[in-house]
1. For volume of the Cα convex hull per residue in Å³, the choices are (1) 231; (2) 150; (3) 161; which was calculated from the structure?
2. Restricting to DSSP loop positions (anything but H, G, I, E, B) with no more than 16 other Cβ atoms inside 10 Å of their own Cβ, which trypsin sites (Lys or Arg not before Pro) remain in the range 284-373?
3. How many nm is it between the label spots at GLU190 and ASP418, if each spot is 7 Å from the Cα in line with the beta carbon?
4. Testing the spin-label approximation: label points 7 Å from Cα along Cα→Cβ at GLU285 and LYS436. State their distance in nm.
5. Per the helix-only calculation at 222 nm, which mean residue ellipticity applies to the chain, given -39500 (n - 2.57) for every DSSP H run of n ≥ 4 and division by its residues, nearest 500 deg cm²/dmol?
6. Where the centroid of each part is defined by its Cα atoms, how far is the range 262-314 from the range 418-441 in Å?
7. Determine the relative contact order of the range 28-387: mean sequence separation of Cα pairs under 8 Å and six or more apart, normalised by residue count, in whole percent.
8. Could you let me know the centre-to-centre spacing of the range 338-376 and the range 58-102, using Cα atoms, in angstrom?
Amino acid sequence: MKPALGMLLLLIAFAGWGAVSADAAQKPNVLFIAVDDLNAWVTHLGRNQQARTPNIDRLAKMGTTFSRAYCAVPACNPSRAALMSGQRPWTTACYLNGNPWKAHITEGFGLSAQFKKAGYHVAGAGKIYHSQSYFKSEWSEYMSSKLYSAHGKGVNKFEGYHQPLPHDLKDEDLGDWHIVDWCIDQLQKEHDKPLFLACGLLKPHLPFAVPRKYYELFPRDQIQLPPHRVDDLDDLPPAGVKMANPKGDHARFLKSGRWKDAIQSYLATCAYTDMNVGRLLDALEKSPHAKNTIIVFWGDHGWSFGEKSHWRKFALWEEPTRAPLIWVAPGVTQAGTVCGRTVDFMTIYPTLCELAQIELPKHVDGPSAVSLLRNPNSSWKHPAITTHGYRNHAVRTETHRYIQYADGSEELYDHTNDPYEWTNLASKPGSLKVIKELRKHLPARNAQAPKSKVVK
């Protein structure tokens, strides 16, 4: 090879390397915020007028909030497995908390793995997958859970719920304080790669135990019970009544008189969560990544507080399935916009891939929602679908919720006229046409459920 030609080829090679590096530097960063057991009780969604979440509302004002966003599964473990793998529970058979997610999800399928493959520095802290477990190969680094106490030393599961709060906690006694500190440190660093930062907040998951100053924001004598009816289960099929489990938590709260106490505790715990979200947003705004970061904020499922005589998650109605979803995507979303289309969290994986312009794996089940981020009023043909257990599904559109249980029994609610789902229309004249349309969205095949214990 002639020296001049060799030098020319070398220059071309260096030019090409420089172009690739520039492209990598221009890729958007991602701040991925997961919140455990946060229902629709955030101020900007208006589901509970007692809620005070100024920082989550601040985030909503920065981009697009989805007013009808729903989980894939109303339980921590399968909800997160579905979102992070991009696969529906009827594909993986990961239906319940008792189904160990690593036994159902292929290593390398995870959302973080896809970003790592695309050249991102992928860092995580807190609860992204259930039990704070993860595949090490899918992350560049992950904060050790040994560095903090998740819920405060000596705090038991039912404090603030079935039991009073005996402890006088400080902000830094809880794991979320330290998780956010770690994430703040990541945001302050200069990275030689684009950053994918996952921050998994542990609250407001039980125990509802936070510093007393957050309780003081919600005086007990001002606490209001959610809209409910004592006869709300009368028109449900046996499968629905069983899912409600009225002889469980609800009966216990009626006997103890702690219904308002539990609501006060949850609102206080949400306020603590909101404070930590504010710390994270402040750090991002002061960081070198402020103008080039996609933010996605989501709760893994909702939570019931006595609606339909039901508590916690583990059911297919509005309260246990609805959760916040907020997107901030520079150059795509517009500040303070609201999208009223029904989406589920299976849209998150493909949407992030499209926004970051990285390859979408073939195994991903859900559709991208980028079109809705660009124009919240654009057409959308995908309802939200939620699954709880083998062959139990709910289909949510802008106007209706349809539930089909494994035994074939059904529920249908008209959300235009019945936002709290008090009247089951499934057997009413004129409902069959609507039901037939919604049935089309149910899966043709459900992966066989493994034998496993139910974990609450």
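1. Here volume of the Cα convex hull per residue in Å³ agrees with entry (3).
2. Passing both the DSSP loop test and the Cβ count: LYS362.
3. Roughly 6.2 nm, to one decimal.
4. 5.5 nm
5. That calculation yields -9000 deg cm²/dmol at 222 nm.
6. 32 Å
7. Relative contact order, the range 28-387: 33 percent.
8. 13 Å
Read-outs throughout are calculated quantities, based only on the coordinates presented, and are distinct from any laboratory measurement. Keep in mind it's a predicted model, so treat the numbers as computed, not measured. A quick note on method: Cβ atoms are made from the backbone with ideal geometry, for glycine too, and the neighbour counts reach across all protein chains shown.
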